[in-house]
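Nothing in this text is a laboratory measurement; each read-out follows from the coordinates by a stated rule. In this text, all values refer to a predicted model and were calculated from it rather than measured experimentally. We place every Cβ from the backbone using ideal geometry, glycine too, and count neighbours over all the protein chains shown.
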Amino acid sequence: MKVDVAGRRTFSPQWKMNIVNQAAISFRSVSLIARENSINTNQVFR
């Protein structure tokens, strides 16, 4: 994850795939996955 001068975070494709894999493979809640990665739960579904 990178943060630009305006404070916006950008995520690499590999990081995004890691989130997708966590949500698809595990039986943990989306909320828990989001909290562990410091993102909003809505971002897990994007």
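Looking at (i) 1.18; (ii) 2.16; (iii) 1.31, which value of Cα Rg over 2.2 N^0.38 Å comes from a calculation on the structure shown?
So the calculated entry is the one marked (i).
For the range 2-45, what's the relative contact order in percent, using C-alpha pairs closer than 8 Å and at least 6 residues apart?
Values: 22 pairs, mean separation 10.6, N = 44.
Taking the mean separation of contacting Cα pairs over the length of the range 2-45, I get 24 percent.
Given the peptides 9-21, 32-44, arrange them by the average over their residues of other C-beta atoms within 10 Å, most packed first. Present the calculation step by step, with values, prior to reporting the outcome.
Numbers: 9-21: 11.4, 32-44: 13.2.
Ranked by mean Cβ neighbours within 10 Å, highest first: 32-44, 9-21.
By the scheme Lys and Arg +1, Asp and Glu -1, what is the net charge of all other residues having a beta-carbon under 13 Å from that of Arg28? Please list the in-between numbers first.
Details: positive: Arg35; negative: Glu36.
Result for the neighbourhood of Arg28: 0.
Can you work out ³J(HN,Hα) from phi for every residue in the range 18-32, in order, using Karplus 6.51 cos²θ - 1.76 cosθ + 1.60 and θ = phi - 60°, giving whole Hz and x for Gly and Pro?
4, 5, 4, 5, 4, 6, 7, 8, 7, 9, 7, 6, 4, 4, 5
Name the long-range amide H neighbours of Asn37: under 5 Å, sequence gap of 5 or more, or other chain; modelled H, no Pro or chain starts.
none
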